[in-house]
Amino acid sequence: MKSEHESYEAAEKAAIAIKKRHPKLYVTVFDAKEQRHTLVELPTTANGRHDPNHNRHGNAATPRKAAATERRR
């Protein structure tokens, strides 16, 4: 999908919105003045994940498993 924007910043903002909706896509912004492509990636969190809500089920399984292991000891 290609689109045209008035400024590089507007194009980058649109690219980030696309990347947020579809994080597995390879998204670039082409700067016509500089004649170069720039890869757009989402900022990562401290744990290295792009989206803190990426796991719909959360991390609830891990604490329950740890609690069950603790009870058996």
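General remarks:
- The residue that is modelled with the lowest pLDDT, counting only those in segment 26-54 that are closer than 30 Å to GLU6 by Cβ, under 10 Å from the mean Cα position of the chain (by Cα) and open to solvent by 80 Å² or more (accessible area, probe 1.4 Å), is HIS50.
- The one condition from (1) modelled with pLDDT of 90 or more; (2) open to solvent by less than 100 Å² (accessible area, probe 1.4 Å); (3) assigned to a helix (DSSP H, G or I) that PRO23 does not meet is (3).
- Sole exception among (1) basic (Lys, Arg); (2) at pLDDT 80 or above; (3) open to solvent by 90 Å² or more (accessible area, probe 1.4 Å) for ARG73, by number: (2)
The values are calculated or read from the model by the stated rules, or taken from the named source; none is laboratory data. Keep in mind the model is a prediction, meaning the values are calculated, not measured. Because the Cβ atoms are built from the backbone with ideal geometry, glycine has one as well, and the counts that use them run over all protein chains shown. The protein model used for the area step is the full one, side chains on, heavy atoms only, and it has no ligands, DNA or RNA in it. Shrake-Rupley method; radii C 1.70, N 1.55, O 1.52, S 1.80 Å.
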